[in-house]
1. Mind giving me the nanometre distance, one decimal, between the label points for Thr54 and Glu10, set 7 Å out from Cα along Cα→Cβ?
2. Between Gly72, Gly20, Gly59, where does the largest GNM mean-square fluctuation fall for the chain, given springs only between Cα atoms within less than 10 Å?
3. Ranking request for peptides 60-69, 8-17, 24-33: highest mean number of other beta-carbon atoms within 10 Å first, then the rest in descending order.
4. Could you count how many Lys pairs in the chain have their Cα atoms under 22 Å apart, skipping same-chain pairs fewer than 8 positions apart?
5. On average, how much accessible surface per residue is there in the chain, in Å², for a 1.4 Å probe, leaving out ligands, DNA and RNA?
6. Counting alpha carbon pairs within less than 8 Å and at least 6 residues apart, what relative contact order, in whole percent, applies to the chain?
7. What is the log10 of I(q)/I(0) for segment 6-83, computed with the Debye formula using one identical point scatterer on each Cα and no solvent, at q = 0.22, 0.24 Å⁻¹?
8. Taking only DSSP H segments of four or more residues, each worth -39500 (n - 2.57), what value at 222 nm results for the chain once the sum is divided by all its residues, to the nearest 500 deg cm²/dmol?
Amino acid sequence: MYGEFKRLAEEDAKMKYFYGMECLFRFYSYGLEKRFRMDLYREFEEVALREYHTNNLYGLEKFWAFHYYRKGGEKIEIRKELQ
C-alpha cells in the first residue's frame, strides 16, 4: 500500500499536483514519531532532498519539524546535505 501511494504521489507531483506528496511527508513525519523505522527515515531524507532540489520546500519543512518535535529515542545521524 505504501509503495503504491508513494508512486502515485510522485506521478502526481510531476504533473504539478502536490497534495499526495504533502500527505506522504506528513506520513513520514508523524508516523516516524510514533514508530521509528530507519528504512522509512532514510526514504524520508531522500525524498525531502529530491523535492528540495525541485524547489519544493514542504518536505524539508516536515523533515525539520520531525527533528524539532521528536522526543527522546535513539540519536539519528542526518545526511550532511540536510544539516
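1. Going by the 7 Å Cα→Cβ label model, 0.9 nm.
2. Of the options given, Gly72 has the highest mean-square fluctuation.
3. Packing order, densest peptide first, comes out as 24-33, 60-69, 8-17.
4. Lysine pairs, 8 or more places apart or on different chains, close enough: 13.
5. For the chain, the solvent-accessible area averages 73 Å² per residue.
6. Taking the mean separation of contacting Cα pairs over the length of the chain, I get 24 percent.
7. The calculated log intensity ratios at q = 0.22, 0.24 Å⁻¹ are -1.00, -1.18.
8. So the calculated ellipticity at 222 nm is -22000 deg cm²/dmol.
The values are calculated or read from the model by the stated rules, or taken from the named source; none is laboratory data. Predicted, not measured: the structure shown is a model, and the values here were computed from it. FYI the Cβ positions are ideal-geometry reconstructions off the backbone, even for glycines, and counts take in every protein chain you see. Note: accessible area is taken over every heavy atom of the protein model, side chains too, but ligands, DNA and RNA are not part of it. Shrake-Rupley method; radii C 1.70, N 1.55, O 1.52, S 1.80 Å.
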